[in-house]
Amino acid sequence: MNGRSSESLAEFAARHGLTQSAARPSPRKYVRSLWQRRTFIWNFASAKTASTYTSSRLGQLWQVLTPLLNAAVYYLIFGVLIGTNRGIDNYTAFLITGVFVFTFTQRSLTAGAKSIGNNLSLIRALHFPRASLPFAHVLMELQQLLISMAVLLVIVLATGEPITVHWLLMVPVLLLQLLFNVGISLAIARAGAFVRDIQQLLPFITRSWLYFSGVFFLIPQMGQKFADKGYAWVGPILEANPGAVYIELMRTSLMKSFREDLAPYDVDYTRLWLYAVVWALIAFLGGFWYFYRAEERYGRG
Amino acid sequence: MAKASLKEKARVSGSASQQPEVVLDPAREPIVVVDGLHIVYRVYSGGGGKGTAASALLRIVRRQNRPQMTEVHAVKGVSFVAYRGDAIGVIGTNGSGKSTLLKAIAGLLPPARGAVYTQGQPSLLGVNAALMRDLSGSRNIILGCLAMGLTQEETRAKYESIVKFADLKKGFIDYPMSTYSSGMGARLRFAIAAARTHDVMLIDEALATGDAKFKKRSKDKIDELRRDAGAVFLVAHNLDVIEETCNRVIWLDDGRMKMDGDPKEVLRAYTEATGK
């Protein structure tokens, strides 16, 4: 007797209501299962952070020391040695805000690219929505950023900026940036999972992005400089760059002197906020969709 | 004869000459259907090559793979049907694809060709990968339970019984797992893994380690989990364990199915072939 000739295995399985075990769930089901895993994502992120610092003597104190040391280096070079201000009243706070905010995006991107490759054994051992991994890695970076922000607020105050209502805007800026970072980490996580070379290329890309994002210079001023030379299109591009948008908004919310620096340039704040929202939504929805489309293929190497 | 086929290059070959014909049993309820399954995974063998940003860019532009990347064709066209109540032993020499087959059934390794159809969600019994050696045992229990998909409440409810089952020396639960002896680590890992019941349970042999007393307890625990599961797959080198617990045995050789049937029959043929 040959059972196969009468009915194929696939038909036999379908008749009994069996489903493919490696199939991708529907988007709605996927989002729901991701939400169910929220405690795992949070625990995984904190556990990873804790385990990173167990071998160092100062432990998690490094989370505070690292941004402090970074700020000290930048202050020494730009504030004391070079002493530039380029039309910026409080250059130290200007620079350190830019560096901290951009570092969040940069580190999310780097962590996202490795999030699948570094957790292959986990992917090959357990079931969970794979998007948990990029989410967890961005959360780790968020925990680090919140500590950096506390350091930043102290620096901003120490350099003579007053506390104003504008400080409250810090919260929506961070939320939008978080959304944006999750989105680009999801996208880079898929790319990095299948083309590992991205990890080699990434430092080069983020470094270039850093230089374009107005961490070291005043964007409207730079735009005007190019406009004077006949390249009027450069300014709007620099302004729309998502890397720059979140930095600019953070500076305007924290630094009264920066709002005064911008006064002569006729900056459209509504447009800046619009950029922030649109970038966050595009990155998050696009990144999530892009990552989800390859859900069943992660783990193959 | 088995040696010669081991040397064969890893590639997708259509021939499944060794695959015994699958006979369907309409009277029983199928739980797992494996249909012409091929599993291929890529391995980065490391070393060599320039890792500069420029050379990486060039490779991406040219759409080349890394030169040191190799493909391993671990499962080559396996088909079978597992029914409700089956306890299936999977045997074969090292590297014959047993663990890979289990992972594919669990849906953790995507098939290169063919498909696996299951009722419910099959799960591997094991959480090693989710645990972090630098962290305390208690933190790892929480992490492991959450990773297996338990909710926070379920995790809290199971916590005490896991600690009790692992039976560590006093105080060790708060020490990092890296300070545990290998036996203690294995006990805790097993205790966490066994905290959940599964529809289709896949057990890799390495689990039941430890001293004789713990072996007995873990065997009882596995039996208990088996009663709740729809079907059980057990990978083991210890043929006595298979003969004791399984009603059916699948023999894999170099990624192909050599035999599928009654434990006594298959085990006898296997023992003869491997010359044990």
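Give B:K213/B:K258; B:K158/B:K216; A:K48/A:K256 a once-over and call out the pairs whose C-alpha atoms are over 29 Å from each other.
Flagged as over cut-off: B:K213/B:K258; A:K48/A:K256.
Using Cα-only point scatterers and the Debye equation, what is log10 of I(q)/I(0) for the range A:153-296 at each q in 0.15, 0.16, 0.19, 0.22 Å⁻¹, rounded to two decimals?
With no solvent term, the Cα-only Debye profile gives -0.88, -0.96, -1.19, -1.36.
Of the listed peptides B:151-159, A:125-133, what is their order by residue-averaged count of other C-beta atoms within 10 Å, with the highest listed first?
Those peptides, ordered most packed to least, come out A:125-133, B:151-159.
Sorting A:R38, A:R251 by accessible area (1.4 Å probe), largest first, what list results?
Working: A:R38 115, A:R251 0 Å².
So, going from the largest accessible area down, we get A:R38, A:R251.
Shape call for the range A:258-301 from the C-alpha gyration tensor, a ≥ b ≥ c root eigenvalues: rounded (a/c under 1.5), prolate (a/b greater than b/c) or oblate?
prolate
Report, please, the projected area of chain A averaged over directions, based on the convex hull of its C-alpha atoms, in nm².
21.4
What would the Debye equation give as log₁₀ I(q)/I(0) for the range B:114-157 at q = 0.14, 0.20, 0.24 Å⁻¹, counting only Cα atoms as equal point scatterers?
Evaluating at q = 0.14, 0.20, 0.24 Å⁻¹ gives log10 I(q)/I(0) of -0.43, -0.70, -0.87.
If you count only protein heavy atoms with a 1.4 Å probe, what accessible area per residue comes out for the range A:1-150, rounded to a whole Å²?
For the range A:1-150, the solvent-accessible area averages 47 Å² per residue.
Got a number for carbon plus sulfur as a percent of the range A:254-293's accessible area, 1.4 Å probe?
67
On average, how much area does the Cα convex hull of the protein assembly as shown cover when viewed from any direction, in nm²?
Convex hull of Cα atoms, orientation-averaged projection: 32.0 nm².
Using a simple spin-label model with points 7 Å from Cα along the Cα→Cβ vector, what separation in nm is obtained for A:I205 and B:R133?
Calculated label separation equals 3.2 nm.
Ignoring solvent entirely, what values of log10 I(q)/I(0) come out of the Debye formula for the range A:11-139 at 0.11, 0.14, 0.17, 0.21 Å⁻¹ when each Cα is a single scatterer?
Relative scattering, expressed as log10 I(q)/I(0), comes to -0.62, -0.83, -1.02, -1.25.
Near B:K164, which aspartates and glutamates are there with a Cα under 19 Å away, not counting those fewer than 8 places off in the same chain?
B:E153, B:E154, B:D174, B:D211, B:D220, B:D223, B:E224
Averaged over its residues, how many other protein chain Cβ atoms are within 10 Å of peptide B:148-156's Cβ atoms?
Whole-number average of other-chain Cβ neighbours for B:148-156 is 3.
Using only the Cα atoms of the range B:72-119, construct the convex hull and provide its projected area averaged over every direction, in square nanometres to one decimal.
Reported value for the Cα convex hull: 3.7 nm².
How do the peptides B:103-112, A:254-263 rank, highest first, by the average count of neighbouring beta carbon atoms within 10 Å per residue?
Working: B:103-112: 22.9, A:254-263: 19.1.
Averaged packing, sorted descending, gives the order B:103-112, A:254-263.
Taking N as the number of residues in the range B:168-276, what value does Rg over Cα atoms divided by 2.2 N^0.38 Å take?
So the Cα radius of gyration is 1.27 times the expected 2.2 N^0.38 Å.
Using every alpha carbon pair in the range A:3-65, what percent of pairs falls into each 10 Å bin from 0 up to the bin containing the largest distance?
Calculated P(r), rounded to whole percents: 17, 22, 19, 17, 13, 9, 4, 0.
Let me confirm one metric for peptide A:23-31, namely the mean number of other chain beta-carbon atoms within 10 Å of its residues' beta-carbons. List each step's numbers first, then the result.
Numbers: counts 5, 1, 0, 0, 0, 0, 0, 0, 0.
For this peptide, the per-residue mean of nearby foreign Cβ atoms is 1.
For a paramagnetic label modelled at 7 Å from the Cα of A:I82 toward its Cβ, which residues of the range A:96-115 fall within the zone defined by backbone nitrogen distances under 12 Å?
What the label zone holds, given the 12 Å backbone N cut-off, is A:96.
Under the definition of partner shielding as Cβ atoms of other protein chains within 10 Å of a residue Cβ, what is the mean value for peptide B:104-117?
What the average comes to for B:104-117 is 6.
Measure off 7 Å from each Cα along the Cα-to-Cβ vector at A:V171 and A:T270, then give the distance between these two points in nanometres to one decimal.
About 2.5 nm separates the two model spin labels.
Just the number: Rg to Rh for the range A:209-291, Cα atoms, Kirkwood Rh, two decimals.
1.01
Can you pull the three principal axis extents for the Cα set of the range B:193-255, in Å, largest first?
If we take the Cα atoms of the range B:193-255, the spans are 33, 28, 18 Å.
The values are calculated or read from the model by the stated rules, or taken from the named source; none is laboratory data. None of these values were measured; they are calculated from a predicted model. Here Cβ is always computed from backbone atoms with ideal geometry, including for glycine, and neighbour counts include all displayed protein chains. Just the protein is used for accessible areas: all its heavy atoms, side chains included, with ligands, DNA and RNA removed. Shrake-Rupley method; radii C 1.70, N 1.55, O 1.52, S 1.80 Å.
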